[in-house]
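Take a look at the structure below.
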Amino acid sequence: MQVRLHVQRSDPVTGETRLQLFELELPREATLLDCLEQIKDEVDGTLAFRRSCREGICGSCAVRIDGRTALACRTPVAELVAEGHAPTIAPIGNLPVVRDLVVEMEPMWQKMRAVEPFLRPGPDCGLDGRETPIPSARLDAVRKESLCINCGACVSECDAMTVSPEFLGPHALVKAWRLVGDPRDDAVAPRLKGLSGEHGIWECTRCYLCNERCPKGVDPRDAIAKLGAEAIAARIDRDRGARHAKWFVTSARTTGWLRESELVVRTLGLAFSFAKIPLALRLFRRGKAPLPLPRHRARDLAPARELRHIVAGQDRRGALGIVQGERALERIDFICSPEQPVGEDEP
């Protein structure tokens with residue numbers, strides 16, 4: 001198979017970048033990592049990239065392929081070069097480039113350390129120096145998050161981090177939920193309070209790119225949503241983002257739709273809202289914002305309210321109320337019974 005691909009090269013001294021075209025010949029089952037290794041071994045020994053396990057476990061070979069982050073070792077090159085396409089391979093985003101496809105991971109590790117990713121056991125854990133047995137079902141809430149391999153794909157794709165580099169980011173918040181959701185941890189409230197401040201939970205823009213790009217099905221946005229739900233359940237809700245989320249629920253519960261004219265006041269407060277009165281008047285004149293009164297009320301709210309009562313009766317407060325993408329859990333929990341062989345009658 002003939003392969004053509006562009007690799008982003010960078011000069012560590014000047015910082016200049018350029019695209020270099022490579023033409024290779026590989027077997028059809030080759031991966032992108034095979035391409036990079038052939039370039040380094042046979043074409044240009046100065047090409048810099050990371051790799052270790054070749055099995056999608058270590059996470060070190062994450063790169064951007066035509067703007068999408070993926071593991072080089074898990075990417076079949078035949079799909080990339082179909083119909084003569086020459087893909088562009090670049091380093092992952094939101095981290096400083098050291099050279100070629102190698103980035104400096106220390107900023108990511110700093111944010112992970114900032115959320116204190118270690119267990120703070122309660123007084124009943126580890127009595128007499130023994131380990132604390134925990135039923136498997138009680139760890140279901142953090143099972144996906146434990147699959148993280150620290151590849152940085154979610155960090156690379158995070159638009160919020162691109163705009164605000166101080167944002168903790170999906171990787172660190174996944175680690176934070178791994179501890180907040182652990183029944184053995186005795187510091188849940190302090191953790192949630194620290195995570196609910198500036199550049200924490202509520203700075204996520206909910207674009208879901210981290211979920212889409214994660215190669216292990218960790219679904220970082222789900223972890224962030226669980227943190228937010230637990231914070232609100234614990235009444236740690238003074239942040240603007242928390243007030244914004246709470247108003248969505250209140251507005252839908254009372255009138256069946258989002259009352260946008262009240263959203264700014266409820267989220268940002270009266271002082272900020274008064275300063276924006278000239279902007280609000282311009283929006284009203286151009287029909288871009290509804291009048292706050294009379295309040296519009298959706299027709300036939302009874303079914304929606306009944307659904308809310310049903311959910312409330314299930315006691316789905318906090319993280320239990322978050323609807324998640326369960327790709328990873330489906331892979332873990334799938335049991336092939338004798339009555340249902342693999343591949344038959346799958347949902």
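A short reminder: the numbers here are calculations on the coordinates, not readings from a lab. Quantities reported herein were computed from a predicted structural model and do not represent experimental measurements. Methodologically, a virtual Cβ is constructed for each residue, glycine included, from the backbone with ideal geometry; neighbour enumeration extends over all protein chains shown.
When Lys and Arg each count +1 and Asp and Glu each count -1, what net charge do the other residues less than 10 Å away from Arg120, Cβ to Cβ, add up to?
-2
Taking 8 Å as the Cα distance limit and 6 or more residues as the minimum spacing, I'd like the relative contact order of the stretch 2-103 as a percentage. Show your work: numbers first, answer last.
Details: 181 pairs, mean separation 33.8, N = 102.
Reported relative contact order: 33 percent.
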Check: In whole Å, what is the distance between the alpha-carbon centres of the stretch 229-266 and the stretch 9-61?
Finding: 48 Å
Next item on the list: List every residue whose amide H lies under 5 Å from the amide H of Arg9, counting only residues 5 or more places away in sequence or on a different chain, with H placed 1.01 Å from N in the peptide plane.
Entry: Arg18, Leu19, Gln20
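Using the 10 angstrom Cβ neighbour count as an exposure proxy, how do Thr14, Thr88, Thr205 rank, fewest first?
Taking fewest neighbouring Cβ atoms as first place, the list is Thr14, Thr205, Thr88.
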Item checked: Sorted by Cβ density within 10 Å, fewest first, the residues Val43, Val77 -> Val43, Val77
Check: Taking the chain as a Gaussian network, where each spring joins two C-alpha atoms under 10 Å apart, which residue of Glu79, Glu260, Glu131 fluctuates the most?
Finding: Glu131
Next item on the list: Check the straight Cα-Cα distances from Lys276 and name the lysines below 28 Å, setting aside those fewer than 8 residues away within the same chain.
Entry: Lys246, Lys288
Next item on the list: Report, in deg cm²/dmol and to the nearest 500, the calculated mean residue ellipticity at 222 nm for the chain, where each DSSP H run with n ≥ 4 adds -39500 (n - 2.57) and the sum is divided by the residue count.
Entry: -10000 deg cm²/dmol
Next item on the list: Going by C-beta contacts inside 10 Å, put Ile149, Ile232 in order with the fewest on the left.
Entry: Ile149, Ile232
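What dipole magnitude, in Debye to the nearest 20, does the stretch 2-103 give about its Cα centre under +1 on Lys/Arg Cβ and -1 on Asp/Glu Cβ? Kindly include the intermediate steps, with their values, before the conclusion.
Numbers: 12 positive and 15 negative charges, 79 e Å.
For the stretch 2-103, the charge dipole is close to 380 debye.
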Check: Relative to the Cα centre, what is the charge dipole magnitude of the stretch 76-222, using +1 at the beta carbon of each Lys and Arg, -1 at the beta carbon of each Asp and Glu, and rounding to the nearest 20 debye?
Finding: 300 debye
